[in-house]
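Remarks on the structure that follows.
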Amino acid sequence: MILANRNIWIALALVSAALLESSWSVISVQNAKPRSRPEWLHDVPIVLVSNHDSMPIFRRRVGGNNTWQEEDYEREHTEEAIRKLKELGVTVVITHFYKGFGLEAEREHQQKALVLAALVKKYGMKLGVYVGSTIAYETFLAEQPEAESWFAPDYLGQPVFYDNQTFRKRVYFMHPGYREYMRRVLQLAENEFHADLIHFDNTSMQAEPAIFQHPLAIEDFRSFLKAKYTPAELEKRFGFSDVQFVLPPKYDRPLGAIDDPLFQQWADFRCVQLTRYYAEMEDLLRSANPQVAVESNPHSGISGRNTIWEQGVDYPRLLAHMDAVWTEEGDPAGVTAEGILVSRIRSFKMATTLHNTLFAASGGPSGNTLQLAESLAFNRQCIGDLGGVLAGYDTPEDQRRYVQFFHRNFEQYRGVENIADVAVLHSFASMGFNNDRPAVSTILLEQALIQSRIPFDIIFDDNLNDLSKYRVLALADQECLDDPQMNLIRRFVANGGAVVATEYTSLFTNWRERRRDFGLKDLFHVGAPAWEEARARDQFPATGPVLNEIGRGRVAYIPEIKPAIEKPMGARMTSQYWKLPVNWREVVETVRWAARGDFSLQVNAPLTVIAEPMVQRQTKKLLVHLVNYNVAANPEVSNLDVKFQLPAGASVAKVTLLSPDRANVVTLPHNSMGGVLAFTVPRLATYDLTVIQLK
């Protein structure tokens, strides 16, 4: 077998290593910055449907189908089905294209997809095509026998498959042969289908730990270490400088803190490799068609999973090569029986910071108007995915009403920026190298901000270079900060900004090495726990916040954000633990003190009504989105008093209330005093949009 041919492996490893040596420096500085997006993304209200998995070859092989599945498949490709999508308001159709059975094995289905593509174009909709990341080896090897060498070897004694679909093998995606094959796939997508969007599926699975036991991945990892560090730095990092025998770790137990330097570098390497792959695919696609949108599916969004460690997904680097990103993070929007507000707000905010649109399942049989409302309030020009290509037949009337509302009022959703008083930092080392306290404290601080309706952004390491938009920087147990990061934080405070920090923030370096004291002790005016205490779990002084005036700035240190529901060590910080922390009021009041008083937006409402303020500078509009997350139990909230800080010197011409939950447009009485606009929203069902026209 090719897999057993050591000489071939060595040759391929040398080629791959050479490629790596020439490109590490480029990737290391490619973080998400504003760049030109395809023009159509600015002009189209994005309403999605898709039929990724309906191909008979896949359905027959995976099994468990209904008897009418292939009848529906045929109906998906009819003009009637596409016309109904147009009538529904769909603007983007992502059709089946490449599932991984092989271009020859899928040729018949691709010809069928071409017919569908022509109909999509005929009705003026944008065409997306599905590109899978696994290989259905039973048919693929008949076409490409050399692909045997692409597959990830057994991991911990188990084959590396796609979940329980054992016919779908997973590959080391940086294998030169696989990359060349995928280039052929993408060239076909542009040359024959003329796709407007490429949907890369299962991104989160491509850089999981098992994949990187591939022999080429091991050689690439060693090359990465040699390129990243000098021999002296390697010795300081690992205790030795010769990495020719280093192996990626094999580990299958839950992890809390990730202290092993090899584990840390391996996580970073997997993130870098995934970014390199999509940078290459993006370059190919942009050269073929500068107007093609590139989109991928890392599944998790920001939902309490450590995507860096589990998936090799570092959003700032990966999304620098994307226009849109998918989330399938699980629990739908709403309020649980335990009183936990569950939302995708963090994922929407992450995507916005990184100049992407978020794609999420919002409508159809598994969706509801609350999920559509969430997309309207927090996304960018996208109401979400309404289901399959037969959505024109079965989308419920209440969801149709939301889609129609989106189209009628699209001008209120384009060219907007969210207003944020607070920036919450997700530092790479803090969030990637510890699955416990940083994840718990950051998620819970964000939950307090969400439910208190304090406007905030989620930011990443590079965003520390410009914090001028914000009044407060929140560092919720951001334990790992290096000297340049801390100096940027000090500069922010010196310029009049405020910091709210908690727990072990700045106690560790980015290698997660413990400092003698807080790196930011000069700001906190608090001493760190003793060394032995810091090695134990959650040893914090039983005192309240420490508040400091530092020159023109303010700094607050909160010893602990106290979970209402304890997360087991090493477990994911997913939504069952998102109950407001025990001391959430103390956290909110500390942030308020740091902000020197009232926030840009204040809404008097229950904790399950969430607000998002935005500005549309070109039209001189301010906008307030209101979402009732507890609509199932409380279908109407009355008399919500709103106060909105106006830009300096601004005056208000009109305040208008729009909603898909009512037929009429309402002009609201309002008054302004001392630069603050005040008005009352008389009734909120699921979603309202207030449009404030400035003079």
Can you tell me the equivalent ellipsoid semi-axes for the chain? Use √(5λ) from the Cα gyration tensor, largest first, whole Å.
40, 36, 21
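Mind putting a number on the dipole of the chain about its Cα centre? Charges go on the C-beta only, +1 for Lys and Arg and -1 for Asp and Glu, and I need it in Debye to the nearest 20.
Details: 73 positive and 83 negative charges, 342 e Å.
The dipole of the chain has a size of about 1640 debye.
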Given a Förster distance of 25 angstrom, what is the FRET efficiency for Thr67 paired with Glu192, based on the Cβ-Cβ distance and rounded to 0.05?
0.15
For the stretch 223-231, what does the Karplus curve 6.51 cos²θ - 1.76 cosθ + 1.60, with θ = phi - 60°, yield as ³J(HN,Hα) per residue in whole Hz, taken in order and with x for Gly and Pro?
5, 4, 5, 5, 6, 7, 10, 6, x
Compute the distribution of all C-alpha to C-alpha distances in the stretch 140-245, in bins of 5 Å from 0, and list the percent of pairs in each, rounded to whole numbers.
2, 10, 16, 17, 16, 14, 11, 7, 4, 2, 0
Defining a contact as two alpha carbons under 8 Å apart and six or more residues distant in sequence, what relative contact order in percent does the stretch 51-131 show?
38 percent
In the chain, with Lys and Arg counted as +1 and Asp and Glu as -1 at Cβ, which of these residues, Gly89, Ser133, Phe378, has the Cα nearest the positive end of the dipole, that is, farthest along it?
Phe378
Say the dipole of the stretch 601-694 comes from +1 at the beta carbon of Lys and Arg and -1 at that of Asp and Glu; which of Gln693, Val624, Val642 then lies farthest toward its positive end?
Gln693
How large is ³J(HN,Hα), in whole Hz, for each residue of the stretch 41-51 in order, when computed from phi with the Karplus curve 6.51 cos²θ - 1.76 cosθ + 1.60 and θ = phi - 60°, using x for Gly and Pro?
5, 7, 10, 10, x, 7, 10, 9, 9, 7, 9
Within the chain, excluding any chymotrypsin sites (Phe, Trp or Tyr not before Pro) found in a DSSP loop (not H, G, I, E or B) and having at most 11 other Cβ atoms within 10 Å, the longest uninterrupted segment runs 246-695
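Tell me, what is the FRET efficiency for Asp283 and Arg414 to the nearest 0.05, using R0 = 45 angstrom and their Cβ-Cβ distance as r?
With R0 = 45 Å, the Cβ-Cβ based efficiency is 0.95.
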Using all C-alpha to C-alpha distances in the stretch 601-694, build P(r) with 10 Å bins and read off the rounded percent in each one.
16, 53, 26, 5, 0
Name the residues whose placed amide hydrogens come within less than 5 Å of the amide hydrogen of Tyr162, ignoring near sequence neighbours (fewer than 5 apart) on the same chain.
Arg168
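Normalised by the residues of the stretch 609-683, what does the relative contact order come to in percent, with Cα pairs under 8 Å and at least six apart?
28 percent
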May I have the convex hull volume per residue, in Å³, for the Cα set of the stretch 422-594?
102 Å³
Calculated from DSSP H runs of 4 or more alone, at -39500 (n - 2.57) each and per residue, what is the 222 nm mean residue ellipticity of the chain, nearest 500?
-10000 deg cm²/dmol
Largest-first principal axis extents of the Cα set of the stretch 461-503 (Å):
23, 19, 16
Taking the dipole about the Cα centre of the stretch 601-694, with the C-beta of Lys and Arg at +1 and of Asp and Glu at -1, give me whichever of Leu601, Asn664, Gly675 is farthest to the positive side.
Gly675
Which three lengths, in whole Å and largest first, does the stretch 81-201 cover when its Cα atoms are put on their principal axes?
52, 27, 23
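Among His42, His355, His321, His52, which comes first, then next, by fewest other beta-carbon atoms within 10 Å?
Fewest-to-most Cβ neighbours within 10 Å comes out as His42, His355, His52, His321.
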Each residue of the stretch 602-611 in turn: what ³J(HN,Hα) in whole Hz from Karplus with 6.51, -1.76, 1.60 and θ = phi - 60°, glycine and Pro shown as x?
10, 10, 8, 7, x, 5, 9, 9, 10, 10
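Throughout, read-outs are computed from the coordinates displayed, never taken from laboratory work. Values in this document were obtained by computation on a predicted structure and should not be read as measured data. All Cβ positions, glycine included, derive from the backbone under ideal geometry; neighbour counts span all protein chains shown.
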